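The values are calculated or read from the model by the stated rules, or taken from the named source; none is laboratory data. Only a predicted model underlies this, so the values are computations on that prediction, with no experimental measurement involved. Backbone-built Cβ (ideal geometry, glycine too); neighbour counts: all protein chains shown.
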Amino acid sequence: MIRTGIVRKVDDLGRIIVPVELRRVLDVSVGDPMQFFVDQKSIIVQRYEPGCVFCGAIEDTIPFKGKKVCRRCAAAAVPGHGTPPTAD
Ligand SMILES: [Zn+2]
C-alpha cells in the first residue's frame, strides 16, 4: 500500500471526494461503478469488475457469452476445460 499524503474529510452525507490526481492515475471517470472492500480497519475502493458468475472469484476468469467464469468453475462444469478444482 502506498501512502499518497492526500487527506479528505467525509462530508455530512458520508461522501469523500476522490482526488483528481488519483482518478487520473487509476483511470477512474465520472459514472464508473466502484466497489468497496474492508480489510480490518481499512476501506479499499476499486473499480467494479464483476467476477465469476458462479463463485464471484475475480482472478483467473475467462469470458463466456459476455460473462466471466473462473477456470475452476469452468472445469467443474465441463470436465477437461480450465483448471481442475482442488480439494478443500
Ligand atoms: Zn468461479
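Among the residues of the range 46-59, write down those that are more than 8 Å from the ligand (Cβ to nearest atom) and surrounded by 12 or more Cβ atoms within 10 Å (Cβ to Cβ). Passing the criteria: 46, 47, 50, 58. Applying the condition of being in contact (Cβ under 8 Å) with a residue 12 or more places away in the chain and in a helix (DSSP H, G or I) to the range 1-29 and asking which residue is surrounded by the most Cβ atoms within 10 Å (Cβ to Cβ) yields 22. Please determine whether any residue of the range 70-78 is farther than 18 Å from residue 1 by Cβ, assigned to a strand (DSSP E or B) and not assigned by TED's automatic domain parsing to the domain that holds residue 1. Yes, the conditions are met somewhere in the range 70-78.
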